[in-house]
Each structure stands twice: as C-alpha cells, then as structure tokens.
Amino acid sequence: AMAGRLEPHLEALRRELRAPDPAVLSVLLALLAVAVTLLIWRFVQGRRSSRKAVLLLGLCDAGKTLLFARLLTGKYRDTQTSITDSSAVYRVSNNKSANVTLIDLPGHKSLRLQFLERFKAAARAIVFVVDSVAFQREVKDVAEFLYQVLVDSTVLKNAPALLIACNKQDVTMAKSAKLIQQQLEKELNTLRVTRSAAPTSLDGSATGGPAQLGKKGKDFDFSQLPMKVEFVECSARGSKGEEGDADFEDLEKWLAKIA
Amino acid sequence: VGFQKILTLTYVDKLIDDVHKEFRDKYRNEFQQKGTLGLLNGTFDFKDDFMRLLRDAEESSKVRAPTVMKTFEQSLKSQKTVKCMIETRGEKPKEKVKNKKNKGSKKEGTEAVAAPGKASAGDKQPSAAGDREELTKDEILQKNREEFFKRHMKAGEKSSKSPKPEAQKEKGKKPRVWDLGNSNAKVLDYSNSATNGSAEACPVEEFDPDTALGDRNREPGRLYDLEYESDDEAEEEKVIQNPSKPSAKKGGLGGMFGMLKGLVGSKSLTREDMDPVLEKMKDHLIAKNVAAEIAVQLCESVAKKLEGKVMGTFTTVTSTVKQALQEALVQILQPQRRVDVLRDVMDAQRHRRPYVVTFCGVNGVGKSTNLAKISFWLIENGFSVLIAACDTFRAGAVEQLRTHTRRLNALHPPESHGGRTMVQLYEKGYGKDAAGIAMEAISYARNQGFDVVLVDTAGRMQDNAPLMTALAKLIAVNAPDLVLFVGEALVGNEAVDQLVKFNKALADHSMAQTPRLIDGIVLTKFDTIDDKVGAAISMTYITSKPIVFVGTGQTYCDLRSLNAKAVVAALMKA
C-alpha cells in the first residue's frame with residue numbers, strides 16, 4: 001500500500017525530470033550554485049584564518065627589525081625605529097614547503113598596543129625580543145609589556161608558542177638568558193599582584209577584571225602559563241660584526257619547529 | 001620623519017612630501033612586485049635626488065636679500081643746488097621746512113623751527129656758513145637735536161607761563177570744604193527746598209513722553225514676554241533648504257548609482273565624501289560633552305588620516321570614518337605609560353622613602369573625597385598613609401580630613417595590621433603656608449616610616465595667578481612623585497582651559513630644567529553622567545597623560561580604573 005502511494009509521486013518526479021519545466025529546473029540549479037558557493041567561501045575563510053604569523057615583539061631598540069632583515073636576507077642592514085609593521089614570508093631552510101609569515105611590529109610605546117591588537121589574532125607564535133645589555137635598566141618596562149601580551153584574552157585563548165630571544169649577546173655586558181628569566185619571573189610576580197589589586201574597571205562585571213597569570217599562592221613561573229615558553233640567546237648583529245652572519249641558530253631551529 | 005620643533009625651517013613639510021612622492025615614484029616597481037623583500041634587498045641610490053630636492057626647497061624659502069642702499073650720487077640730495085641748503089639766521093620758515101624735508105628729517109613742528117634760539121645760533125653760524133655740500137649725518141643729527149631742545153625750552157617757557165593765569169582764575173571759585181566733622185548740611189544741600197515733593201519739580205520741556213515710554217501701542221499694565229529672534233533664523237533656514245531641495249532631486253538618479261558604485265568598487269576617499277559624515281560625528285561628540293575645540297581637532301586628524309585611503313568592498317564611508325574615529329579615541333584614552341601606583345609605592349618602600357602624591361584642581365571637584373577613597377584603597381593593599389592637610393583656606397577642610405581619618409582607622413584598626421596605625425593626619429590648622437606644611441609632613445613621614453603621603457591642596461581657579469603661583473611653588477619645592485589633577489566629569493569646554501592653565505603655571509614657576517607637570521588625572525563624579533563621557537577625552541587629549549582613577553560615588557569603595565573600550569563604546573553609541 002505504501003509503495004502504491006509513493007508510486008504516483010515517483011512517477012510525477014520521473015515525468016518532471018524527463019520533461020523538465022524550465023522554471024523549476026532553473027530554481028533548483030540556482031539553489032545548488034548558492035550552496036556550493038557558500039561551502040567554498042567557508043572553506044576559504046577557514047584556510048585564511050588559520051594562523052600562520054610569527055610576531056616579533058619587544059621594546060624599542062631591542063633589535064627586532066635587524067633580526068627580521070637577517071632572517072629574511074641574511075645581510076646586515078642599518079635600521080631606524082619602526083613606525084609601521086613589516087611582513088614577509090620566511091621559508092625554513094631545510095624544509096622548503098614549510099613557511100611562516102614573519103611580522104615585525106614597532107616597539108614604540110605609543111604604537112605597540114595598537115599593532116598588537118591588529119595582529120594578535122593571526123599569531124601562531126610570538127618572539128619577544130629582549131635587549132640583554134640594557135635589560136637591567138629596563139626590567140620594569142620589559143615586564144610590563146610582556147604582562148600586557150600575556151594577559152590579553154586572545155593570546156590566552158590561542159596560546160601561541162612564546163620564545164623570549166635575548167638579543168645583543170655579542171656585547172660582553174649582555175646578561176644571560178637564565179638571569180633574564182629569573183628577573184622576569186620575579187617582576188611578573190610583583191606585577192600580577194599590583195595589577196589585580198588595581199581598582200576594578202568601570203564596568204567590572206562585563207570584562208571580569210584582568211586575568212590571573214599563573215597559579216595563585218605560588219610564585220610565578222613561566223611553566224605555569226598555558227603556552228610553551230622557551231628562552232634562547234641570539235645576536236642579530238653577529239660576533240663578526242656587519243660582514244659576518246648573525247648568530248641565531250637556536251632561533252632558526254625554533255622557527256623550523258614552529259613552521 | 002622630521003622634527004619641526006628643533007629647527008624651525010619653513011620648508012620641511014613640503015620637502016618631506018616631495019621626497020615621499022619622488023621616492024615612491026622612482027621605486028614604484030620594486031615595491032609593488034617584491035613587497036617587503038624588495039625593501040630589504042634593494043639598493044636605493046637616492047642621495048642625489050634628495051640633495052637636489054633639498055637645494056630646491058632651501059632656495060624657495062630663502063629670504064630676499066636686503067635692498068642695497070643707494071649711493072650718495074643716486075640720492076636726491078646731491079642733485080640739489082647749494083643755495084637752497086644754506087641756513088641763515090632769521091630765515092623764512094617755509095624754506096626751512098623744505099630744507100628739512102629734503103634731508104629726510106622726520107621732525108615736524110614748523111612753528112618751533114621758525115625762530116632759531118639766539119643761544120645756539122652762535123656756534124651754528126660758522127659751520128652753517130661754511131661748506132654746505134658736506135653736511136654729514138652727524139651734523140644733521142646735532143642740528144636737529146638742538147632744534148628739538150629749543151622747541152622744548154620754548155614749550156617749557158610757555159607752560160610755565162600758563163598756570164599763572166589759571167591760578168588767578170581759580171581764586172574766583174568758591175572753596176569746597178570736605179571736612180566731615182564740620183560738614184554743614186545746609187551748605188551741601190543743593191536741592192531746591194521749594195520743589196521737594198511738589199508736582200512741578202521736573203520742568204515739562206525736559207521730559208518727552210514718547211522716548212520715555214517707548215512703544216506707544218502697548219497695553220497699559222501688561223507684562224510682555226521676552227522677544228525671540230527665532231523668526232529670522234527660521235526664515236534663513238527655509239531659504240537655505242529650498243535651493244538644496246531641487247538640487248537633491250536632480251541628483252537623485254545619479255546619486256543612487258553613485259552609492260551603488262561606492263558600495264562595490266574600490267573607491268578612494270576624498271575630503272568631500274568625508275565632510276558630511278565628519279560634521280555629524282563632530283556634533284555627536286560635542287553632544288556627548290567633548291570640548292568643542294577637541295572635537296574639531298579630532299575630526300580634522302581623522303580626515304587627514306583617511307584621505308586617499310582605498311575602501312574595501314561593501315564598506316560605506318560612514319562605517320570607515322566611524323571605525324577610524326573609534327580607533328583614534330581608544331588610542332587617546334590608552335595611556336603611553338600606565339601609572340601603576342602600587343608598583344611605584346613598592347619601589348619607594350625599598351628605598352625607604354615615602355611616596356608623595358599631590359592632588360590639585362579647581363574648587364569643588366572632589367579632591368578631599370577622592371583622597372579619602374584612595375587612602376582606603378592603599379590601606380586595603382597594606383600600605384600606611386599619612387594625609388597632609390595643606391588646604392589651609394577652606395573652612396572645615398581640616399575637620400573633614402580628620403573625620404575621614406577617624407573613620408578609616410575604625411574600618412582598619414591597628415590591631416588587624418600588626419599594631420601600627422594605618423592612617424594619620426598631619427595638620428597645622430588654618431592660615432599657614434601650604435608648601436611648608438607639605439615639607440614638614442614629608443619629613444615626618446620619612447621619620448615615622450609611612451609608605452605614602454597624600455597631600456590635599458586648596459581648590460583654586462586656573463586664572464587666579466597668585467594661587468597658581470603658590471601651587472607651583474608647593475610642587476616645585478616638595479618634588480612629589482605623582483601630581484594628580486582632579487577634574488569632574490561634568491565639566492565641558494572648561495576642561496581644556498583648566499588643564500592648559502594648570503600645566504602652564506606649573507611649568508612657568510619651576511626652576512628645574514624639566515618641570516614637574518601633571519602626571520595623571522582623577523576623573524570624579526562619573527556616576528552623575530550617563531553616557532556623556534566626553535570630559536575623559538578632552539582631558540586626556542590635552543595633557544596626553546592617563547586617567548589614573550575614576551570616582552563613581554561618595555563611599556569609600558567607589559573608586560574605579562578606566563576601561564578605555566567601554567568609555568569609547570559609550571561615546572560612539574547613538
């Protein structure tokens with residue numbers, strides 16, 4: 001009986017397909033085209049939004065732009081304080097197919113936050129460049145900027161890999177990576193106390209206040225963060241000065257791992 | 001990048017534009033094809049071009065050489081005959097005048113020249129009679145000087161003569177005695193006793209009813225309303241609207257196509273496109289209590305930034321402008337250097353000195369109230385506070401602070417903080433010098449081991465010069481770690497004036513190379529404004545210093561920190 005009931009409908013459909021009514025057919029084709037377009041569009045969006053960028057952050061005069069130039073071209077370049085971002089595709093040396101987009105952001109106080117806002121969503125990894133020579137003087141500023149990067153909601157959600165590159169190791173007075181790590185941990189420990197004790201924001205409920213960094217109760221440690229953190233020493237200028245190569249094998253190895 | 005303030009060269013802006021265009025045009029291909037790698041790898045041989053442009057710019061701005069002085073032969077004087085230059089005593093005034101004019105003397109006073117004084121004539125005569133052609137400049141000067149003195153002497157003689165006839169005239173007047181003790185009411189009473197109270201007091205000729213009453217058509221006894229001039233304005237608006245309407249109709253079809261074209265294509269923004277949108281935005285900002293000049297400057301800078309920018313597909317001019325304005329506002333509100341008071345207090349603790357905060361502002365903005373709130377917050381974080389009552393003028397200021405101190409101590413008794421009193425008041429009563437009290441308070445805090453000193457000053461108007469000097473002296477002498485300007489969120493255009501004048505006063509009266517200016521702003525009475533939060537923008541724009549605290553009420557817990565994004569969202573909300 002059921003088959004009987006379906007039969008006339010199937011017959012009607014078969015008749016339609018054999019003698020197509022142009023109006024109905026065109027409508028069906030149009031709907032199909034729209035559906036396919038939507039699928040392709042979503043696919044393309046998904047591809048584009050996959051994070052392929054490595055951000056170079058740091059204070060002013062940390063050596064980001066020189067590091068950027070060395071990584072891309074291998075040559076030494078005289079650089080000026082950046083006032084805008086620069087981006088280029090970096091091919092990892094041994095593996096030709098793997099590439100990342102290196103983005104060099106300005107470190108100046110008035111520009112760094114707005115450029116970070118623009119690029120943080122696309123970041124797969126962050127290289128935080130620290131001037132090892134002037135570190136002792138600039139500890140508070142370095143820690144403040146690092147803190148701002150770490151408590152950012154987008155960064156916490158995506159948890160990009162973090163590399164802290166202690167630059168300018170060719171100078172004799174440069175501090176070692178271990179010392180920089182200890183100092184930063186101490187300073188960040190203090191900062192998270194003072195920042196969370198600041199008066200709550202105007203619409204406190206909406207933003208929920210600054211995120212807590214690390215575990216409460218224990219002293220701050222970089223291992224408490226949700227992302228992988230590494231410290232390397234490097235020198236963008238290189239031990240032989242301007243003619244020779246830059247001294248950053250660790251950095252390149254890390255980039256190869258990331259790509 | 002060029003810094004205009006170091007070298008005030010007039011051609012810098014134009015030079016930068018020219019260099020920019022030339023560089024871009026010359027290396028256009030490299031940029032377009034290779035992008036950043038082209039920048040890094042390319043060699044840019046631009047030095048010759050740059051030197052050429054620099055030379056052009058310098059030449060265009062060179063001031064014209066000062067005009068060369070005429071030689072003696074070219075001047076008129078050499079063409080005059082000898083005879084007209086001879087001066088003799090008793091010469092006619094007309095010739096003297098002509099002589100003077102020829103020599104280019106500016107001294108007028110023809111009548112004074114008329115009779116050269118007998119005294120100076122003697123020494124003049126031999127030189128006058130002699131070589132006429134070689135009247136040097138010095139001699140001319142000397143001659144003029146002598147004539148000038150002669151004139152003065154003449155005038156002196158004249159003036160000495162004139163008071164005498166006047167004095168004789170004065171004797172004729174009746175002496176007026178002003179001695180109150182002997183005041184004779186009768187002598188001073190000039191009224192005509194016969195006319196007091198009588199109806200014919202004012203002679204009829206002097207009183208004109210028309211001019212006195214004004215409008216003759218008014219109803220007697222009725223009180224009219226204040227007349228508006230709105231009728232004229234309404235007429236003007238109607239007149240303006242009428243011509244615009246037909247033009248709108250004509251451009252209707254074209255406008256629609258233009259809008260569609262603008263939606264889809266890649267159109268670059270021009271000033272004309274942005275102007276109506278910016279006008280609307282400016283009015284919106286002013287309606288939200290942003291100072292008028294700040295709103296104008298903001299819109300100008302957004303226009304400059306967006307000029308020539310290529311819009312993406314499906315973005316309207318309005319949305320682009322709004323987004324740019326929003327970004328600019330967020331950047332203004334987010335400070336360059338975040339003032340972290342707790343961190344700095346910890347630093348000062350390590351160096352065993354107190355952290356000094358000074359509050360300044362105009363009258364009635366809430367300095368004392370917010371000082372109490374901030375001290376409560378500091379105590380909650382475990383720092384001991386000394387309040388210095390440097391408001392020695394306003395009645396009740398010291399008592400107000402004493403009450404706050406008592407309340408805070410009741411909330412945080414010494415027992416719960418290891419036996420030390422968390423808040424103490426340092427006061428010296430009324431009428432004393434504020435700077436001196438502040439200095440004593442700071443040294444007292446150092447001796448007793450207080451962590452923070454909060455200095456409360458009297459409210460003062462920004463154009464009250466002596467009070468501003470006193471404030472500047474207090475800040476210059478005591479060198480506080482943080483100078484906070486307290487401003488209320490209700491203030492409108494006044495904010496600009498207040499902050500500018502306060503900063504100026506602090507800079508002018510400081511002896512140091514880098515004067516202490518306002519370091520941060522406390523925005524008070526934030527709960528009284530709904531979303532008219534424009535005062536925050538005005539204040540941060542003027543000083544470019546961050547808003548450290550926001551006061552949102554009168555209890556101790558009503559202290560907040562600024563959330564830039566929320567404020568900007570409230571500002572841009574329609």
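The values are calculated or read from the model by the stated rules, or taken from the named source; none is laboratory data. Because the structure is a prediction, the values reported are computed rather than measured. Reconstructed Cβ throughout: ideal geometry from the backbone, glycine too, with neighbour counts over all protein chains shown.
Among the residues of the range B:339-389, which ones are within 14 Å of chain A (Cβ to nearest Cβ), closer than 24 Å to B:Arg460 by Cβ and among the polar types (S, T, N, Q)?
Listed by number, the residues that qualify are B:Asn370, B:Ser375.
Among the numbered conditions (1) within 12 Å of chain A (Cβ to nearest Cβ); (2) crowded, with 19+ Cβ neighbours inside 10 Å; (3) among the basic types (Lys, Arg), tell me where B:Lys565 comes up short.
(2)
Pairs under 6 Å by beta carbon, first residue within 25 Å of A:Tyr147 (Cα to Cα) in the range A:229-248, partner among the aliphatic types (A, V, I, L, M) and modelled with pLDDT under 75, six or more apart or different chains?
Filtered contacts from the range A:229-248: A:Ala236/A:Ala246.
Is it the case that B:Thr457 is crowded, with 19+ Cβ neighbours inside 10 Å, touching an Asp or Glu at 6+ places or on another chain (Cβ under 8 Å), over 16 Å from B:Pro354 (Cα atoms) and β-branched (Val, Ile, Thr)?
It is true that B:Thr457 is crowded, with 19+ Cβ neighbours inside 10 Å, touching an Asp or Glu at 6+ places or on another chain (Cβ under 8 Å), over 16 Å from B:Pro354 (Cα atoms) and β-branched (Val, Ile, Thr).
Looking only at residues that are part of a helix (DSSP H, G or I) and out of contact with any strand residue (DSSP E or B) (no Cβ under 7 Å at 6 or more places or on another chain) in the range B:342-368, which one is farthest from B:Leu471 (Cα to Cα)?
The residue in question is B:Arg350.
B:Lys501 fails exactly one of the following numbered conditions: (1) basic (Lys, Arg); (2) buried (at least 19 other Cβ atoms within 10 Å of the Cβ); (3) within 18 Å of the chain's Cα centre (by Cα). What is the number of that condition?
Looking at each condition in turn, B:Lys501 falls short on (2).
For the range A:157-164, state whether one or more residues are within 14 Å of the chain's Cα centre (by Cα), surrounded by fewer than 19 Cβ atoms within 10 Å (Cβ to Cβ), part of a helix (DSSP H, G or I) and away from every other protein chain (no Cβ under 14 Å). Don't jump to the end; show me each part of the working.
Our first condition is that a residue be within 14 Å of the chain's Cα centre (by Cα); within the range A:157-164, this holds for A:157-164.
Applying the additional criterion that residues be surrounded by fewer than 19 Cβ atoms within 10 Å (Cβ to Cβ) yields A:157-159, A:161.
Filter once more, keeping what is part of a helix (DSSP H, G or I): A:157-158.
From the residues that got through so far, the ones that are away from every other protein chain (no Cβ under 14 Å) too are A:157-158.
Yes, the conditions are met somewhere in the range A:157-164.
Name the helices (runs of 4 or more DSSP H) wholly inside the range B:224-310 in which the number of residues that are of a type in the set (Ser, Thr, Tyr) and at pLDDT 80 or above is 1 or more.
Of the helices (runs of 4 or more DSSP H) lying wholly inside the range B:224-310, those with at least 1 residues that are of a type in the set (Ser, Thr, Tyr) and at pLDDT 80 or above span B:292-306.
Inspect the range B:327-335 for any residue being out of contact with any Leu (no Cβ under 7 Å at 6 or more places or on another chain), in contact (Cβ under 8 Å) with a residue 12 or more places away in the chain and away from every other protein chain (no Cβ under 14 Å) and give the result as yes or no.
Among the residues of the range B:327-335, not one is out of contact with any Leu (no Cβ under 7 Å at 6 or more places or on another chain), in contact (Cβ under 8 Å) with a residue 12 or more places away in the chain and away from every other protein chain (no Cβ under 14 Å), which makes the answer no.
I'm trying to understand the selection: among the residues of the range B:479-509, which are among the aliphatic types (A, V, I, L, M), touching a strand residue (DSSP E or B) at 6+ places or on another chain (Cβ under 9 Å) and either assigned to a helix (DSSP H, G or I) or free of Cβ contacts under 8 Å to residues at least 24 places away in the same chain (or both)?
If the condition is that a residue be among the aliphatic types (A, V, I, L, M), touching a strand residue (DSSP E or B) at 6+ places or on another chain (Cβ under 9 Å) and either assigned to a helix (DSSP H, G or I) or free of Cβ contacts under 8 Å to residues at least 24 places away in the same chain (or both), then B:Ala495, B:Leu499, B:Leu506 are the ones that fit.
Kindly evaluate B:Leu482 against the criterion of being touching a helix residue (DSSP H, G or I) at 6+ places or on another chain (Cβ under 6 Å) and either under 27 Å from A:Lys109 (Cβ atoms) or away from chain A (no Cβ under 14 Å) (or both).
no
Can you name the residue in the range B:531-544 that is in a loop (DSSP other than H, G, I, E, B) and within 13 Å of another protein chain (Cβ to nearest Cβ) and, of all such residues, is surrounded by the fewest Cβ atoms within 10 Å (Cβ to Cβ)?
B:Ser544
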